[in-house]
Amino acid sequence: FQALLDSDQHPESYEDQHTQETLFGNFLQAEQWSLAYITLIGLSYKSNLRSDRAWNRLLQHYTKAQDHVEIVRIYSHMFSEQLAISSRSLNFLGKYLLPTRSPSKPPMKSSNSPSSEFNSLNFVVNAHRYAASGGSYVAPARWTELLKRYGMAGDLTAIARLAPWLAQHYAREAIVQSRGPYKIYRRTDAMLSKIFNPVSLRAFVIWGFRSAGMRDKLRPPA
């Protein structure tokens, strides 16, 4: 209440979405947290769309700061309130949470400490799955990159979770438009062929042999 009283905004200004979004970004940049959260409450009050945009902005801010505790807290809130994660937020998660990876090279060693409970790759994958489950478009190249990161890390267990989920999710027919009793459907076969392209499928085999070799499982049958 004190933050609201200290604000120099006219009460009617809280109805102006563009002004509030601009102020919200400025308050976050200046780390004026009380004013930022008052603005966030205002943006979250009217509609889910405004709430989506505001919480995505907040997620992007803490992702850029690489504050894992706040990132998880904000994501958990968005998940529980069924707020959509934007493509820009997914870009931020991939850019600031995942270690750099050059083409055909494994990622640089992650800055996550071994004792850390925050697994950046699993978190980013789960965020992409949540976004796709909510109907957001996730480019095939994103899924391919995430699969590559698992494969290059030798985490076939994670691939065994993600790949079947992708196959099941994109094998369904997605409703694009509904007009009265009529519905228009779009087949998603093209998405699957882009994710599971010949190069990706060959990589699965290579990673499988490599994993088996590291576990001393490449032996002739008895």
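Bear in mind that the values in this text are calculations on the coordinates, not laboratory data. Here the structure is a predicted model, which is why all the values come from computation and not from measurement. Note that each Cβ is placed from the backbone with ideal geometry, even for glycine, and that neighbours are counted across all protein chains shown.
Couple of notes before you dig in:
- Packing rank of 20-26, 34-40, where each peptide gets the mean count of other beta carbons within 10 Å, highest leading: 34-40, 20-26
- Derived scalar couplings ³J(HN,Hα) [region 24-33; Karplus, 6.51 cos²θ - 1.76 cosθ + 1.60; whole Hz; x for Gly, Pro]: 4, x, 5, 5, 5, 4, 8, 6, 8, 5
- Sorting the segments 199-212, 65-78 by their residues' average number of neighbouring beta-carbon atoms within 10 angstrom, most packed first, yields 65-78, 199-212.
- Spin-label model, Lys64 to Gln29: label points 7 Å out along the Cα-to-beta-carbon direction sit 0.8 nm apart.
- With R₀ fixed at 35 Å, the C-beta to C-beta distance from Ile41 to Phe118 puts the FRET efficiency at about 0.80.
- Sorting the segments 89-97, 153-161 by their residues' average number of neighbouring beta-carbon atoms within 10 angstrom, most packed first, yields 89-97, 153-161.
- Estimated inter-spin distance, Met214 and Trp165, nm [label 7 Å along Cα→Cβ]: 2.1
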